[in-house]
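Quick note: the coordinates plus some simple rules give every number you see, no bench work behind them. These numbers were taken from a predicted model, which means no experiment stands behind them. Glycine also receives a Cβ, built like all others from the backbone with ideal geometry; neighbour counts cover every protein chain displayed.
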Amino acid sequence: MKQFVDIALLILGALSCGAAVWLVAQAVLPRWWTRQWVRARLLNTPSGESTHRQQDSGSVADFLDAIAREVHSGYSLTLAFVQTAERFPHHAWWTEPIAVQCIRGHSLANAIADTTPNHWTPDIELAARTLSVASNGGYGVANTLEKSASILREREHVEQERQAQTAQIRLSTSVLSWIPLAICSWVIARQPHTRTLLLHSPLGLLSIVVGLLLNIAGRKWFERIAHNNS
């Protein structure tokens with residue numbers, strides 16, 4: 001009877017410890033700092049490094065804004081694209097083929113149409129469509145590019161929020177799944193009668209198998225929730 005009580009206390013202690021960690025993290029830590037800390041740990045990068053790196057390299061929205069500034073200065077859209085592409089070398093994998101076609105005398109729309117969109121992201125596809133339409137001329141070319149840049153920044157903000165929410169779900173999954181295993185291992189190592197019950201009896205082995213299956217099922221369930229939210 002005492003052995004069953006030990007197992008029950010083990011399960012209750014694991015659940016209580018996991019719930020306590022989760023409540024403390026939610027109540028004590030500020031929301032923004034928690035998200036930044038979680039993302040930094042899960043991505044294995046220092047806090048704030050990814051943001052600064054993205055600002056240094058420039059996004060697709062920054063690329064469109066830079067082209068719009070060149071157009072405001074009086075350059076044609078094709079020339080603005082070529083000059084801006086030189087200042088954004090990290091985008092060269094998709095801008096260089098287009099810029100080469102423009103230098104050879106093709107229009108920007110034709111250069112984009114003749115370029116094979118290998119591994120283009122949705123942001124790059126939107127930017128390419130905007131540049132292709134704007135290259136036909138007309139009033140408000142720069143404004144069109146700026147509006148597309150604004151849409152891309154809004155997408156980026158939404159994606160960052162989704163990643164932050166997913167990171168919190170993954171952190172809670174790790175806490176709630178690893179703590180019971182750690183406590184169970186500690187109890188097995190410290191208490192001989194519990195070790196004998198769990199490792200040398202059919203009921204104990206069944207309890208371990210069922211516990212592991214429930215743990216794995218819980219992790220898969222949380223991963224599915226995170227995938228649906230991302």
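Observations on the structure shown:
- Between the range 70-107 and the range 171-222, the alpha-carbon center distance in angstrom: 59 Å
- FRET efficiency for E156 and S185, using Cβ-Cβ distance with R0 set to 45 Å, rounded to 0.05: 0.60
- Counted by neighbouring Cβ atoms within 10 Å, the residues S135, S107 run from fewest to most as S107, S135.
- Measuring nothing but alpha carbons in the range 59-137 and taking Rh as the Kirkwood radius, the Rg to Rh ratio lands at 0.91.
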